[in-house]
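Down below is the structure, laid out as structure tokens.
The values are calculated or read from the model by the stated rules, or taken from the named source; none is laboratory data. Everything numeric here is computed off the predicted structure, so don't read it as measured data. All Cβ positions, even for glycine, are placed from backbone atoms using ideal geometry, and neighbour counts span all protein chains on display.
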Amino acid sequence: MENILELKQVSKTFPKSDFKLDDVTFSLPYGAILGFVGENGAGKTTTIGCIMNTIIKNSGTVKLFGKEMLDTDTTMREKIGVVYDSDNFPVYWTVKQLSNVMEGLYVQWDNFLFQKYLEQFHLPAKQKIKHFSRGMAVKLAIAAALAHHPQLLILDEATNGLDPIVRDEIQDIFLEFVQEENHSILLSSHITGDLEKIADYITFIHNGKVMMTVSKDDLLYNYAVLRCRESQFPALDREDILAYRKRDFQTDVLVSDGKAAQRKYKDVVADHVSIDEIMLLLIKGERV
């Protein structure tokens, strides 16, 4: 399967900080949604900056649509819609002013489509953006990102802080977007419940390093946590253990094949695992 986005060993150091992006590698296929998961400060925004060339990486490669993007490559940027967590537009603009500016920036700007989203999201065209609620501002940013017909949509924690009704409405838009086989979404978020609903793949990042990339269905249906008593843990095969965490008299062990582990260790309880618990074990747990 071809990839719309590929990162290989992307690294970035910051001289005045202990944080660094360390050989980040993952890919996003066409027609898919990839959830980019990690705690605050894990490196999600820095990675997106490297993808968009707003942060200059020290090493590694980023390929979009099969090639690396240069600062002068406006044609490739036309194919990307981006929505950030913070203010996306000057707050003193009205929606009408935003539309006029975007029409001058994007060759494929579709004002009819933009107006369609404004009506769908119940956004007033004459009101200044500074008077919008958080949910309205995010809807506006998504409408603007989609109105120039991108193939790749990148969202950096954009849905955080929104109420469940608004998030559900936006999720429907995302699912409709990727019905086109040449469309994909990179969705950075720590609201893992949303990703369990719509993502095809999950990439976990912690402290600047990618811990793993795996299909969501594999995570939800195959991965499991073994609840081991203190006497049971030493008997586990080390090759089966992805991560483990000791809690009082119990040890939680993350495995990639819960059914096989249950057959192999008949006296150990194997529970289905959520993305939240996987992230917790990868971040707080230990490796063998």
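Annotations for the structure displayed:
- Residue selected from region 20-56 under the condition among the aliphatic types (A, V, I, L, M) and touching a Lys or Arg at 6+ places or on another chain (Cβ under 7 Å), by the criterion modelled with the highest pLDDT: L21
- Counting only residues that are farther than 13 Å from L195 by Cα and either touching an Asp or Glu at 6+ places or on another chain (Cβ under 9 Å) or among the polar types (S, T, N, Q) (or both), region 166-183 holds 3 of them.
- Among the residues listed as S59, S17, S11, the single one being at pLDDT below 95, among the small types (G, A, S), farther than 12 Å from L186 by Cα and more than 17 Å from the chain's Cα centre (by Cα): S17
- Residues in region 180-206 that are farther than 20 Å from V24 by Cα and of a type in the set (S, T, N, Q) were compared, and the one that is modelled with the lowest pLDDT is T192.
- Residue under evaluation D18, criteria (1) crowded, with 18+ Cβ neighbours inside 10 Å; (2) out of contact with any helix residue (DSSP H, G or I) (no Cβ under 7 Å at 6 or more places or on another chain); (3) of a type in the set (D, E, K, R), criterion not met: (1)
- Residues in region 269-277 include none that are without any contact (Cβ under 8 Å) to a residue 40 or more places away in the chain and either under 24 Å from the mean Cα position of the chain (by Cα) or not assigned by TED's automatic domain parsing to the domain that holds T192 (or both).
- Which listed residue, of D237, D217, D248, D252, is touching a Leu at 6+ places or on another chain (Cβ under 9 Å) and among the acidic types (D, E): D252
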